[in-house]
1. Say we look at the range 153-187 and pick out the residues that are without any contact (Cβ under 8 Å) to a residue 24 or more places away in the chain and part of a helix (DSSP H, G or I); which of these is farthest from ligand 1 (Cβ to nearest atom)?
2. Name the residues in the range 1-21 that are in contact with a Lys or Arg (Cβ under 9 Å, 6 or more places away or on another chain) and either closer than 15 Å to Ile265 by Cβ or in a helix (DSSP H, G or I) (or both), would you?
3. Look through the range 241-263, keep the residues that are outside any loop (DSSP other than H, G, I, E, B) and of a type outside the set (A, V, I, L, M, F, W, C), and return whichever of them is farthest from Val227 (Cα to Cα).
4. Being within 21 Å of Arg301 (Cα to Cα) and within 16 Å of ligand 1 (Cβ to nearest atom) is the filter here; which residues of the range 54-68 pass it?
5. Please indicate, with yes or no, whether at least one residue in the range 199-217 is within 14 Å of ligand 1 (Cβ to nearest atom), under 22 Å from the mean Cα position of the chain (by Cα), in contact (Cβ under 8 Å) with a residue 12 or more places away in the chain and surrounded by fewer than 19 Cβ atoms within 10 Å (Cβ to Cβ).
6. Please specify each residue of the range 198-226 satisfying the condition of being more than 16 Å from ligand 2 (Cβ to nearest atom) and of a type in the set (Asp, Glu).
7. Against the conditions (1) surrounded by fewer than 21 Cβ atoms within 10 Å (Cβ to Cβ); (2) touching a residue at least 60 places away in the same chain (Cβ under 8 Å); (3) of a type in the set (Val, Ile, Thr), where does Ile19 fall short? Just the number, please.
Amino acid sequence: MNEIIEQIKQLKAEKSAIILAHNYQAVEIQEAADYRGDSLQLSILAKEAKADIIVFCGVRFMAETAAILNPGARVLLPVADAGCPMADMITAEQLREFKAQHPGAVVICYVNSSVEVKAESDICCTSSNAVKIVNSIPKHTPILFVPDQNLGTWAAKQTGRNVIVWDGYCPVHHWGLTLRHLNEVKAKYPGYKLLAHPECRYEVLELADMVMSTSGMMNYVAEHDEVILATENAMVDYLKYKYPDKKIEALSTAAICQNMKKTGIEDLLLALQKEQHLIEVEPQIAARAVACLDRMLELSR
Ligand code: 13P
Ligand code: SF4
């Protein structure tokens, strides 16, 4: 392991590369990375990076976002088929039909979407700014929200806005973190604060103490103890590794994103050695998708 880490360090320096890792990556990947974060933080870091190569340890939509925000860097996704099932739940064609059914509506797309869907959308959002983005839309303008029904519903309830949501969802949060888990775990750990990711169903979110992005959870745990996390399990692994004396429980230890788990330390090394797998986006699509992302980044300052 140490030898692999040494090789990674050497290649990074030789090739002027940086490694970004999402908070759901395995502990060893997060430790090998230069920066960790949630989707919004990593988008900003990618945009501002001065490196020639950005190795993105996460899933495809994240690497695509980095590639279009920083066209001067070559963005590599270590495992080519690390995708996001929720992002695949709507195509650009389906979004065009959805828009045709609701003329005059503004389209907000969750960053967990393909670059083609972003190109068809007006403004992007992430789990940490969805409420703010919904609030930024003029009061009487109808809003379409794709693809996550749960984040869209959560943002609608928080803002009191009428939001028409697409019926996509994250299988890990939607099916893997349920009311049954919540009742069992809350009974087992009375007094613990429940932090939930807004990709969970509304029935879970309304019983949570706080709803936040993955980095929101990281920051909260840095300052507090006795928490239950309703999100992908790698967060629990990483936080337990970082704070071995804190009491951190998972709402369900079975809530695992198989796509986030595809990247191992050897894949990261190979990505740097072979400069694989390069993310390429058609320039016309990229230009439209960047406009959608930039509107979000402008509001997130
Ligand atoms: P965050 O932006 O909160 O890190 O969420 C990304 C994600 O894919 C959650 O499933
Ligand atoms: Fe996609 Fe869910 Fe995995 Fe996040 S946890 S990358 S939303 S499948």
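1. Among residues in the range 153-187 that are without any contact (Cβ under 8 Å) to a residue 24 or more places away in the chain and part of a helix (DSSP H, G or I), the one farthest from ligand 1 (Cβ to nearest atom) is Ala187.
2. Matches in the range 1-21: Ile19, Ala21.
3. In the first step, residues of the range 241-263 are kept if they are outside any loop (DSSP other than H, G, I, E, B); the result is 241-242, 248-250, 260-262.
Subsequent filtering for residues that are of a type outside the set (A, V, I, L, M, F, W, C) retains 241-242, 249, 261-262.
Working: Tyr241: 15, Lys242: 14, Glu249: 6, Lys261: 23, Lys262: 27 Å.
Filtering first and then ranking leaves Lys262.
4. If we filter the range 54-68 for residues that are within 21 Å of Arg301 (Cα to Cα), which is where we start, we get 62, 65-68.
Of everything in the range 54-68, those that are within 21 Å of Arg301 (Cα to Cα) and within 16 Å of ligand 1 (Cβ to nearest atom) turn out to be Met62, Thr65, Ala66.
5. yes
6. Initially, the range 198-226 is screened for residues more than 16 Å from ligand 2 (Cβ to nearest atom), giving 202-203, 206-210, 219-226.
If the condition is that a residue be more than 16 Å from ligand 2 (Cβ to nearest atom) and of a type in the set (Asp, Glu), then Glu203, Glu206, Asp209, Glu223, Asp225, Glu226 are the ones that fit.
7. Checking Ile19 against (1) surrounded by fewer than 21 Cβ atoms within 10 Å (Cβ to Cβ); (2) touching a residue at least 60 places away in the same chain (Cβ under 8 Å); (3) of a type in the set (Val, Ile, Thr), the one that fails is (1).
One line per residue, one yes/no per condition, for (1) of a type in the set (A, V, I, L, M); (2) in contact with a strand residue (DSSP E or B) (Cβ under 6 Å, 6 or more places away or on another chain); (3) closer than 27 Å to Tyr24 by Cα:
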{"site": "Val79", "(1), (2), (3)": "yes, no, yes"}
{"site": "Ala82", "(1), (2), (3)": "yes, no, yes"}
{"site": "Ala100", "(1), (2), (3)": "yes, no, no"}
{"site": "Pro103", "(1), (2), (3)": "no, no, no"}
{"site": "Cys109", "(1), (2), (3)": "no, yes, yes"}
{"site": "Ser121", "(1), (2), (3)": "no, yes, yes"}
{"site": "Cys125", "(1), (2), (3)": "no, yes, yes"}
{"site": "Ser128", "(1), (2), (3)": "no, no, yes"}
{"site": "Val134", "(1), (2), (3)": "yes, no, yes"}
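The values are calculated or read from the model by the stated rules, or taken from the named source; none is laboratory data. Computed from a predicted model, the values in this text were never measured in an experiment. Neighbour counts run over all protein chains shown; Cβ positions are idealised from the backbone, glycine included.
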